[in-house]
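Chemist: Got a structure for you, written out below as structure tokens; questions coming shortly.
The values are calculated or read from the model by the stated rules, or taken from the named source; none is laboratory data. Just so it is clear, the structure is predicted and the values come from calculations on it, not from any experiment. Neighbour counts are summed over all protein chains in view; Cβ atoms, including those assigned to glycine, are modelled from backbone coordinates with ideal geometry. For the accessible areas, the whole protein counts, side chains as well, though only heavy atoms, and no ligand, DNA or RNA atoms are used. Shrake-Rupley method; radii C 1.70, N 1.55, O 1.52, S 1.80 Å.
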Amino acid sequence: MTAADTHRAIDAVWRIESPRLIAGLARIVRDVGVAEDLAQDALVVALEQWPKSGVPDNPGAWLMATAKHRAIDLLRRRQMLDRKHEEVGRELETRQNETGAAALDAAVNALDDDIGDDLLRLVFVSCHPVLSTEARVALTLRLLGGLTAAEIARAYLVSEPTIAQRIVRAKRTLSAAGVPFEVPRGAEFNARLTSVLQVIYLIFNEGYSATAGEDWLRPALCEDALRLGRVLAGLVPAEPEVHGLVALMEIQASRSAARVGPAGEPILLLDQNRARWDRVLIGRGLAALERAERLGGAFGPYALQAAIAACHARALEAGDTDWTRIAQLYDVLARLTPSPVVELNRAVARGMADGPAAGLALADALTSDPSLQAYHLLPSVRGDFLMKLGRHAEAQREFERAASLTRNTRERELLLDRAARSREAI
């Protein structure tokens, strides 16, 4: 393996392993900023050693062992280990003296959280109320999703420097506040649940449609988001929106194999071979949607989006899709959670249900929205409607503009291909 091959392998390993690495270290040092620094230190050691020694059989374990050794050295230097042991011992002794064995058991359980999932702990720490909502999302995507500031900025339609500053300030705030590395309980758990759901779904979306890079999909992110969503559903089975989110992710994930061609090229929804959709995931998603609806959550934002996805999942062929129902659901969603992106999706649905002219009119109304000026899907949607209306020269320009805005190589190729076909049709 050449040095270049090794560096590519290291990059791939880092993208996969860094969230777990940071989460595991944060449990040890109780500071997400320090945990990320230690993880980066381990990466530097790998970059120095692996080109000479080769990539280990278990690179994730190697990185974790290296980082843990550095974490332990850090704790010893700060004399944190002895202090933590003393504090825990005093707490347990006090509780035992006050209320006996029952209180001792409760203290042990509180110290050893019942979830036992470092990634989930990391989500809740990143979503702590001491941070703004925007900072919670950015920090969790950075630490758990392993996304760059640029990728997060694309997902949130804001500038990269803004996201970078949010991440730096968020880590400083958590450190200064001494936020414990644990999953909250009781009322505090419920208060943070909405933010956690938002973060998990953003992670899933980045895996489902990567904003940058060479790959159309990043399956590891989808898998992490799905796993965290399923864990949450088990923890709070009476929360309909948790089931709604799980339903949405299960159904969308069911299409993954059909969304890419043999060479990794994107395949759009209406062109997909639906025989390749995962019927097991669809079944799980529909069951989760039913649970959400039974709990009275039919009109929560995630359950509504899951109901839209279910319309696609139930259609064995693209021509069987109930676009009228989908458009109606988007109407409800737009009233519940108004946003430019929801309106763009509603335009697509209305265009399919009522004709391309109706969809184009709705999309045109969004062209002056500042948050969509650099959003590649707006010109892409307009190009599609213009193509259907026979306005091929205009469609070509819109597809070319969309291609210039996307940072995903596969998506750019797809858009340029659509621009070329528009030009041929002139």
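Chemist: Can you give me the solvent accessible area of TRP323 with a 1.4 Å probe, rounded to the nearest 10 Å²?
Modeler: It works out to around 40 Å².
Chemist: Lys and Arg at +1, Asp and Glu at -1: add these up for the other residues within a Cβ distance under 13 Å of GLU250 and post the number.
Modeler: +3
Chemist: Using only Cα atoms, locate the centre of segment 372-426 and the centre of segment 136-176, then give the distance between them in Å, rounded to an integer.
Modeler: About 30 Å separates the Cα centre of segment 372-426 from the one of segment 136-176.
Chemist: Something else now. Once you have the Kirkwood Rh of segment 269-389 from its Cα pairs, apply Stokes-Einstein at 4 °C and 1.567 mPa s and quote D in µm²/s.
Modeler: 84
Chemist: Hey, another quick one. Please identify every one of the GluC sites (Glu not before Pro) in segment 133-230 that sits in a loop by DSSP and has no more than 10 other beta carbons within 10 Å of its own beta carbon.
Modeler: Details: sites: GLU134, GLU151, GLU182, GLU188, GLU206, GLU214, GLU223; in loops: GLU182, GLU214.
Listed in order of number, the matching sites are GLU214.
Chemist: In a shell of Cβ-Cβ distance under 9 Å around ASP118, excluding ASP118 itself, what net charge do Lys and Arg (+1) and Asp and Glu (-1) give?
Modeler: Working: positive: ARG20, ARG27, ARG121; negative: ASP117.
Combined, the nearby Lys, Arg, Asp and Glu give +2.
Chemist: Starting from the Kirkwood Rh over alpha-carbon pairs, what translational D in µm² s⁻¹ does segment 208-352 have by Stokes-Einstein at 37 °C and 0.692 mPa s?
Modeler: For these conditions, the coefficient is 209 µm²/s.
Chemist: Compare LEU333, LEU197, LEU75 in a GNM of the chain, Cα atoms joined below 10 Å, and give the one with the largest fluctuation.
Modeler: LEU75
Chemist: Right, something else. Under the definition of Cα pairs under 8 Å and six or more residues apart, what whole-number percent is the relative contact order of the chain?
Modeler: Relative contact order, the chain: 11 percent.
Chemist: Right, next: Just to confirm the number: angle between the C-alpha axis of helix 219-235 and the first principal axis of the chain, 0 to 90 degrees, nearest 10?
Modeler: 60
Chemist: Tell me, what does the Kirkwood hydrodynamic radius of the chain come to in angstroms if you use every pair of distinct C-alpha atoms?
Modeler: About 23.7 Å for the chain.
Chemist: Starting from the residue with the highest accessible area, list SER380, SER368, SER339 in decreasing order, probe 1.4 Å.
Modeler: On the way: SER380 20, SER368 95, SER339 40 Å².
The most accessible residue leads, giving SER368, SER339, SER380.
Chemist: Between beta-carbons, use under 15 Å as the cut-off and find the net charge around TRP277, counting Lys and Arg +1, Asp and Glu -1.
Modeler: +2
Chemist: To continue, here is another question. Hey, what number do you get for the chain at 222 nm if only DSSP H runs of n ≥ 4 count, each worth -39500 (n - 2.57), divided across all residues, to the nearest 500?
Modeler: Values: 20 runs with 310 residues, N = 426.
About -24000 deg cm²/dmol.
Chemist: Counting trypsin sites (Lys or Arg not before Pro) as exposed when in a DSSP loop with at most 11 other beta carbons within 10 Å, what is the longest stretch of the chain free of them?
Modeler: 186-426
Chemist: In segment 277-359, which GluC sites (Glu not before Pro) fall in coil by DSSP and have 15 or fewer other Cβ atoms within 10 Å?
Modeler: GLU317
Chemist: Give the angle, between 0 and 90 degrees and rounded to the nearest 10, that separates the Cα long axis of helix 377-388 from the longest principal axis of the Cα atoms of the chain.
Modeler: Tilt of helix 377-388: around 20 degrees.
Chemist: With axes computed from alpha carbons, what is the tilt in degrees of helix 301-314 against the longest principal axis of the chain, rounded to the nearest 10 within 0 to 90?
Modeler: 50
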